[in-house]
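Only one structure is covered here, and it is reproduced in the block below.
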Amino acid sequence: MEPDTRSRILDAAESLLVQHGLDATTLRMITAAAQANLAAANYHFGSKEALIEAVFRRRLTWLNEQRIAALDALEVEAKGAPLKPRQIVESFFGVAIRMAADKNGGQTFMRLLGRAYTEPTEFVRSFLAEEYAAVIARYKAAFFKALPDVPQEEFLWRFHFMMGALSYAVSGADALSILGPIDDSNPDALYARLMSFLIGGLRAPLPEVNSKPVRKARTKRAA
């Protein structure tokens, strides 16, 4: 079945936003790629910002629903006991990695999501924070319960780094070209490698962090 105008616009926007970024991609570029006109884009979305939100929401809502469902199932099975950190990591990041292997839209979307993390505009930052609020709250609570010996501030830093690792991993092997040829054709291998890395980082020894401001040493004047 031929995709309808709204779907063509969303598909075109998703692809162009990955290629050119949120700011550089224009409505005219999107409608031209979708073989539509500006009137159709305005009819379905109203503005460029609303279109971008629709692009993210189309797949991000499903992604976060899957994460919540996976966590629900684990917590029911645990019957109130803390989950294993690996279980929580796999339920949050695993569905995203599998989505990144889907060449029917999922791969492009995850690359877009990774770009949004590293090059956020103010409205996308606010939008993503709202979209993630419920799922992040649930997962933070599960992690805090599973890792009582890790200070909450330290865990938040680690989760921040984990999100960055995911974004980089799903951005495409071309991002690693400076290191040499990388074969990303095996999604199972990517899953295993990234999970090992994320769980290792989560369990790493606590750093010795000096929270006091570092004073610059004074240099003695020559006599």
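The table below lists the values:
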{"read-out": "Within the stretch 57-77, tally of residues that are open to solvent by 30 Å² or more (accessible area, probe 1.4 Å) and either charged (D, E, K, R) or more than 17 Å from the chain's Cα centre (by Cα) (or both)", "value": "12"}
{"read-out": "Leading residue by the ranking (farthest from Gln87 (Cα to Cα)) among those in the stretch 174-199 that are open to solvent by less than 40 Å² (accessible area, probe 1.4 Å) and modelled with pLDDT of 80 or more", "value": "Ala189"}
{"read-out": "Condition met for Arg28 (more than 25 Å from Leu190 (Cα to Cα) and under 16 Å from the mean Cα position of the chain (by Cα))", "value": "no"}
{"read-out": "Residues located in the stretch 51-104, provided they are within 24 Å of Arg203 (Cα to Cα) and either in contact with a Cys (Cβ under 9 Å, 6 or more places away or on another chain) or of a type in the set (S, T, N, Q) (or both)", "value": "Gln87, Ser91"}
{"read-out": "One residue from Ala81, Ala33 being within 30 Å of Leu198 (Cα to Cα), modelled with pLDDT of 95 or more and of a type in the set (A, V, I, L, M, F, W, C)", "value": "Ala81"}
{"read-out": "From Glu14, Glu49, Glu53, residue being of a type in the set (Asp, Glu), open to solvent by 60 Å² or more (accessible area, probe 1.4 Å) and at negative phi", "value": "Glu49"}
{"read-out": "Tabulated pairs, the stretch 122-147, first of a type in the set (Phe, Trp, Tyr), second open to solvent by 60 Å² or more (accessible area, probe 1.4 Å), C-beta under 8 angstrom, 6+ apart or interchain", "value": "Phe123/Glu49; Phe144/Gln152"}
{"read-out": "All positions within the stretch 5-46 that are closer than 22 Å to Asn104 by Cβ and assigned to a loop (DSSP other than H, G, I, E, B)", "value": "Thr25, Ala34, Gln35, Ala36"}
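Okay, residues lined up against (1) acidic (Asp, Glu); (2) open to solvent by less than 60 Å² (accessible area, probe 1.4 Å); (3) closer than 20 Å to Glu65 by Cβ:
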{"residue": "Lys103", "(1), (2), (3)": "no, no, no"}
{"residue": "Gln107", "(1), (2), (3)": "no, no, yes"}
{"residue": "Met110", "(1), (2), (3)": "no, yes, yes"}
{"residue": "Ala116", "(1), (2), (3)": "no, yes, yes"}
{"residue": "Thr121", "(1), (2), (3)": "no, yes, no"}
{"residue": "Arg125", "(1), (2), (3)": "no, no, no"}
{"residue": "Ala134", "(1), (2), (3)": "no, no, yes"}
{"residue": "Lys140", "(1), (2), (3)": "no, no, yes"}
{"residue": "Phe143", "(1), (2), (3)": "no, yes, yes"}
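The values are calculated or read from the model by the stated rules, or taken from the named source; none is laboratory data. Keep in mind it's a predicted model, so treat the numbers as computed, not measured. Cβ: placed from backbone, ideal geometry, glycine included. Neighbour counts: every protein chain shown. Surface areas here come from the heavy atoms of the whole protein model, side chains and all, with no ligands, DNA or RNA. Shrake-Rupley method; radii C 1.70, N 1.55, O 1.52, S 1.80 Å.
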